[in-house]
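The values are calculated or read from the model by the stated rules, or taken from the named source; none is laboratory data. In this text, all values refer to a predicted model and were calculated from it rather than measured experimentally. Here Cβ is always computed from backbone atoms with ideal geometry, including for glycine, and neighbour counts include all displayed protein chains. We work out accessible area using only protein heavy atoms, side chains counted, and drop any ligands, DNA or RNA first. Shrake-Rupley method; radii C 1.70, N 1.55, O 1.52, S 1.80 Å.
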Amino acid sequence: MQMPSFSLETKGEESLTVGDVATKRILQCDHEESVAVVARRMHQEGRSSIIVMRDGEAVGIWTERDALVMDFTTSSSMDAPIGAVMSAPIKTVSENTSLHEVSIRFRNDRVRHYLVIDAQQHPVGVITQTDVVLHQGIEHYLQIRTVECAITKEPRVLHASADVALVSREMRQRGVDAVLVHYDDGELGIITERDILRLVAEQRLSGNVGALASRPLISVDSSVSLYQARSILLSSKVRHIGVINSTNQRVIGIVSFSDILSGIELVYLKELKEALDERNQALSLSRRSLQLADRVIEASLEGIMITDAEARIVSVNPAFSRMTGYQPNEVIGQRPSILSSGLHDHAFYAALWGELKQRGEWQGEVWNRRKDGEVFPERLTIAAIRDDQGQLTHYAALFSDISELKRTERQIRHLAYYDPLTDLPNRRLFHDRLEMAIAHAHRSKGRLALIFVDLDRFKRINDSLGHEAGDRVLRQVGERLLSAVREDDTVARLGGDEFVIMLSDLLSVDAAVAVARNVLQVMGQPLELGRSGEESVITCSLGISLYPEDGKSAEELIRNADSAMYRAKDVGRNNFQLYSPEINARSLEHLAMENNLRHAMEQQQLQVFYQPILSAHDERVHHAEALLRWHHPDLGNISPADFIPLAEETGMIIPIGDWVLESACAQLRDWQAQGLPPIGISVNVSALQFHAPDYVAKVREILERHQIETPSAITLELTESMLVEDALETMHTMNALRELGVCIDLDDFGTGYSSLSYLKHLPISRLKIDRAFVRGIHKDRRDSAIAAAIIQLAHSLGLEVVAEGVEREAHRDFLRANGSEWLQGFFYGGALPAEEFAATHLKNLKNL
């Protein structure tokens, strides 16, 4: 018996295509236009979607549905570029596609809009689900189905006082395009995705839905046909109507054009059921046909299982046994759950049985378990079988093992995006990831880097040892490159001996340079060339481009990294070059300084100088600040402003800072041994040192090693910016340091962001006024006001004040007059080596 063909077009009517009904005028916008501007254009045009363009090409789509993800708590979300929030890539459909086929695609792709393209892939229009409902010629079906059959969910009802943000979140989370609004007078209204779009267009971030909803709700009785419902939707120029229970007059659902389109699938089930009924009638009339059917079932390559009306297995065919491993006697009398894999939850099976009882059949993919425990996927169709009186007698299940199909699909997907030789992402996947990384960096104002990697003289390997050796080298190179980057970074093979590394969320240029150095280092190890163990070192040339400095598009970054790579080859291979010559020069200079700094401590190039801190009362030296100096044998004196930030960036500041504290304590003991007047020494502490978990223990160890009997002679200077990180842990560390007996000064006060309520609880002894406020106090009223205010603030907190940058007599006089206890600056002397400092400042005190 032949199955009837399934057609949603009216019998005898010429089939329509997508091109016949699509909207020909395409509403479009540039990817950099703001969300609010785009929404306003859609609202004015009365359109539910807009195509997003970049450089003349369609790159995405933004719809009313996408408006639900907007953040109504901040206006900045409305100013975001549409390219950052659009749906991409855009889904397309040929203009020659039939309406029946596109209706199925709408269901499978779960979208409501397609960009229509012609044979040359040029956009020619847009088609929506509404277009299908209005033109598919299904009046005969719509007239025999009631509107109640199209209800898919119980309507969500919100009070009129609900906030706009709540409504948007509810619609997004529940996957609905409209919710009902209840007013205090008992009336119902409705708010839809189109209303949310209007709010975005008007940039209205707040308000209750009662003022925004459409009221009263247009409703129909649940017994009304879908044809009538569609007519009301068209005549009322709305896309949603309420459905009222005819008994209690309560609204039981909302129906839209999308729901009507989803209901069309029921036509297929109806015609299929009619075919099954015809088959059953034919079988009941012919015993011979029944015997033939039995033989077909026995010979079928698909597994077949028959159960009774209570879902107990009564029969299986040989293919069932081959696929599951169960013999008939092991499953007859059992329930189908004997095959359950445990991968589907209760809700899945509840939905399956619900659809089976309601519609008479179910079709889909499930994961079941064989007798040996192996889990496998199958394509399963279940049909309910009824007798001539319409009574349910059996269920028939037909299934096929699709393990190989799934495996093939996975392989095809993998081959589409990964290089078969190295298993690294290929050019296509790399481009996708790069576009996403650029969009993320644009939104977060971050940076990323591309590193092009090209093997030096790789052609000689292929020519001399053959392609097998070349392939072995390329696989090893891929493994080496992966070992040189972070897990979140991407290593891809573009083809031949060309690889590329993408570094996302880049903190600085130096981070990219560090990775390039790692690559050169790992590639400096020998690679295995042949099975007999031959090895050779194959170097590589690297080119680096940075976002956004060297380009803001994928094409620019790739082109410029490639250009930098060729420059690396031109200057001798086995090196890296940055695309920007200025950045490249700074990077090389930075790298040279870093290498020199690593050797500076070993080669005793670092030295501690001391600058006097005098009492404002008697202008005698009571303290000295330990200041680090670096004299390079070739480069001469290097400014602390150049090497201190580098030391902090590389982490070398920790051992250097520990050495400075060691030197200061040793010098303190040495001056005491010479019988010089006792003074205190202040030592600067970096944030990395201070926040190290063992810092307090290190300070204790250094004090004990140098037998500092009066720890208060050592002062640790901390900056404001160090104190705002992890306030609780900071307070704990400072208290632990004070328990050791050392003093703590707050350095560069006035340049940070410390809270005064937080400051009053810190165990500090002195505030140091930053030199920026002292420099202009003799001529700038604002500087003098700030300096006086800091002194007054410190005194009100019970703290003393040290003023840095005292360079003039006028500075000294103002600070003394306003009560600063301590003065420091070139007016009294610069930083000197320990011996000169003692001769200049301490021996004079000894003679007083």
Self-check item: Hits in the stretch 481-490 - residues which are in a helix (DSSP H, G or I) and open to solvent by 10 Å² or more (accessible area, probe 1.4 Å)
Solution: 482, 483
Quiz item: How many of the residues making up the stretch 687-706 are in contact (Cβ under 8 Å) with a residue 40 or more places away in the chain and touching a Gly at 6+ places or on another chain (Cβ under 8 Å)?
Solution: 1
Practice problem: Filter the stretch 308-323 down to residues that are under 20 Å from residue 353 (Cα atoms) and touching a residue at least 40 places away in the same chain (Cβ under 8 Å) and give me whichever is most open to solvent (accessible area, probe 1.4 Å). | Solution: 314
Exercise. With the checklist (1) β-branched (Val, Ile, Thr); (2) modelled with pLDDT under 85; (3) over 16 Å from residue 804 (Cα atoms) in hand, flag the one item residue 764 doesn't pass.
Key: (2)
Quiz item: Got a sec? Which strands (runs of 3 or more DSSP E) wholly within the stretch 76-190 have at least 3 residues that are open to solvent by less than 40 Å² (accessible area, probe 1.4 Å)?
Solution: 113-117, 123-128, 178-182
Practice problem: Go through the residues of the stretch 248-255 one by one and say whether even a single one is charged (D, E, K, R), open to solvent by 20 Å² or more (accessible area, probe 1.4 Å) and within 30 Å of residue 33 (Cα to Cα). | Solution: no
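In the list 626, 641, which residue meets the criterion of being of a type in the set (Gly, Ala, Ser) and touching a residue at least 40 places away in the same chain (Cβ under 8 Å)?
Details: 641 fails: touching a residue at least 40 places away in the same chain (Cβ under 8 Å).
Just one listed residue meets the conditions, 626.
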Quiz item: Considering only the stretch 461-480, how many residues are open to solvent by 50 Å² or more (accessible area, probe 1.4 Å) and modelled with pLDDT under 90?
Solution: 6
Quiz item: Scanning the stretch 18-39 for residues that are closer than 17 Å to residue 64 by Cα and part of a helix (DSSP H, G or I), which turns out most open to solvent (accessible area, probe 1.4 Å)?
Solution: 37
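What residue, of 471, 432, is over 26 Å from residue 554 (Cβ atoms) and in a helix (DSSP H, G or I)? First the steps, then the outcome.
Values: 432 fails: over 26 Å from residue 554 (Cβ atoms).
None of the others qualify; the one that does is 471.
Just to confirm my filter: which helices (runs of 4 or more DSSP H) fall fully inside the stretch 768-848 and include at least 2 residues that are open to solvent by 70 Å² or more (accessible area, probe 1.4 Å)? Don't jump to the end; show me each part of the working.
Working: elements: 771-774, 781-796, 809-817, 834-837, 843-846.
Where helices (runs of 4 or more DSSP H) fall fully within the stretch 768-848 and carry at least 2 residues being open to solvent by 70 Å² or more (accessible area, probe 1.4 Å), they are 781-796, 809-817, 834-837, 843-846.
Looking at 719, 730, 715, which is the one that is modelled with pLDDT under 90, open to solvent by less than 50 Å² (accessible area, probe 1.4 Å) and touching a His at 6+ places or on another chain (Cβ under 9 Å)? Working first, answer last.
Numbers: 719 fails: touching a His at 6+ places or on another chain (Cβ under 9 Å); 715 fails: modelled with pLDDT under 90.
Answer to the selection: 730.
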Exercise. Looking at (1) surrounded by fewer than 20 Cβ atoms within 10 Å (Cβ to Cβ); (2) under 22 Å from residue 435 (Cα atoms), find the lone condition where residue 543 falls short.
Key: (1)
Quiz prompt | Where a residue in the stretch 419-435 is over 25 Å from residue 506 (Cα atoms) and its partner, wherever it lies, is modelled with pLDDT of 90 or more and open to solvent by 20 Å² or more (accessible area, probe 1.4 Å), with Cβ under 8 Å and at least six apart | solution = 419/426; 419/493; 421/475; 421/493; 422/475; 422/493
Self-check item: Among the candidates 664, 600, 616, 624, residue that is over 28 Å from residue 712 (Cα atoms) and surrounded by 18 or more Cβ atoms within 10 Å (Cβ to Cβ)
Solution: 600
Quiz item: Is one or more of the residues making up the stretch 350-359 assigned to a loop (DSSP other than H, G, I, E, B) and either surrounded by 16 or more Cβ atoms within 10 Å (Cβ to Cβ) or aromatic (Phe, Trp, Tyr) (or both)?
Solution: no
